[in-house]
Amino acid sequence: MVNRRQFLGAVLVSKAVLARGETTIVLPPPETHGTASLLQALRSRRSTREFSARPLPPAVLSTLLWSAFGINRPDRGGRTAPSAHDWQEIDVFAVLSDAAYRYDAHGHALRFVAGGDFRATTGVQDFVGGAPLNLVYVADFAKMGDASAEERTFYASADAGFVAQNVYLYCAAYGLACVVRGLVDRRKLAPALQLRGDQRIVLAQTVGYAK
């Protein structure tokens, strides 16, 4: 159950940060000891394309991002999703109603990227502009050593898929709606996220409450 304080906090937190000129939102600690079972989540996993505009509370956003690609073994920087050669080349961008952020797993924080509502830019479907959160999975080829272009595309696609499935399972376990999307106008979205030439958008994923 989301209380009124959590609901208002979700609406105001990023606006307050921007108003103060800050560039980082430190997320609350993630919930890592939930009672939902993996088998229940697998049974409930589905794609949804109709979303409420209701924002995600900060505590939910925190655990969602940790589940996606957070740190689960702090002693060695291990992540909740695997990556080829432990490159950890996938960056998770969180596109909210008033700004875009990059998830910093080591600091468990959102790093400000750009102000403005870029949600509709994350996909071509109508629902992406009204959902509270769109995640964008970006491969940083600079982290992938001497891998060939073919290997970079292959491994980054697989690694982004692992992250997306983590989000699916978290959403299924905790009553959220989501859908992963490959249909993205990458030429339009990349500059909005201020990506470098050696970064590539792999997938996007819309998250929220079912309408």
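The values are calculated or read from the model by the stated rules, or taken from the named source; none is laboratory data. Remember, predicted model here, so these are calculated numbers, not experimental data. Cβ placement follows ideal geometry from the backbone for every residue including glycine, while neighbour counts extend to all protein chains displayed. When the accessible area is computed, the model is the full protein with side chains, heavy atoms only, and any ligands, DNA or RNA have been set aside. Shrake-Rupley method; radii C 1.70, N 1.55, O 1.52, S 1.80 Å.
Scanning for something farther than 21 Å from P57 by Cα, small (G, A, S), in a helix (DSSP H, G or I) and touching a helix residue (DSSP H, G or I) at 6+ places or on another chain (Cβ under 7 Å), does the stretch 189-198 turn up at least one residue? Checked the stretch 189-198: at least one residue is farther than 21 Å from P57 by Cα, small (G, A, S), in a helix (DSSP H, G or I) and touching a helix residue (DSSP H, G or I) at 6+ places or on another chain (Cβ under 7 Å). Taken together, the residues in the stretch 72-101 that are open to solvent by 30 Å² or more (accessible area, probe 1.4 Å) and among the β-branched types (V, I, T) amount to 1. Within the stretch 102-127, the set of residues being crowded, with 22+ Cβ neighbours inside 10 Å and not in a strand (DSSP E or B) comprises F118, T121, T122, G123. Listed by first and then second residue, the pairs with beta-carbon distance under 6 Å, at least 6 apart or on different chains, first residue in the stretch 179-208 and over 23 Å from A142 (Cα atoms), second assigned to a helix (DSSP H, G or I), are V180/A164; Q205/A164; Q205/V167; T206/V128. Set side by side, the residues P82, P30 differ, and just one is in a loop (DSSP other than H, G, I, E, B), touching a Ser or Thr at 6+ places or on another chain (Cβ under 6 Å) and modelled with pLDDT of 95 or more, which is P30. Of the residues examined, S67 is one that is at pLDDT 95 or above, outside any loop (DSSP other than H, G, I, E, B) and surrounded by 14 or more Cβ atoms within 10 Å (Cβ to Cβ). The number of residues in the stretch 128-157 that are open to solvent by 40 Å² or more (accessible area, probe 1.4 Å) and part of a helix (DSSP H, G or I) comes to 10.
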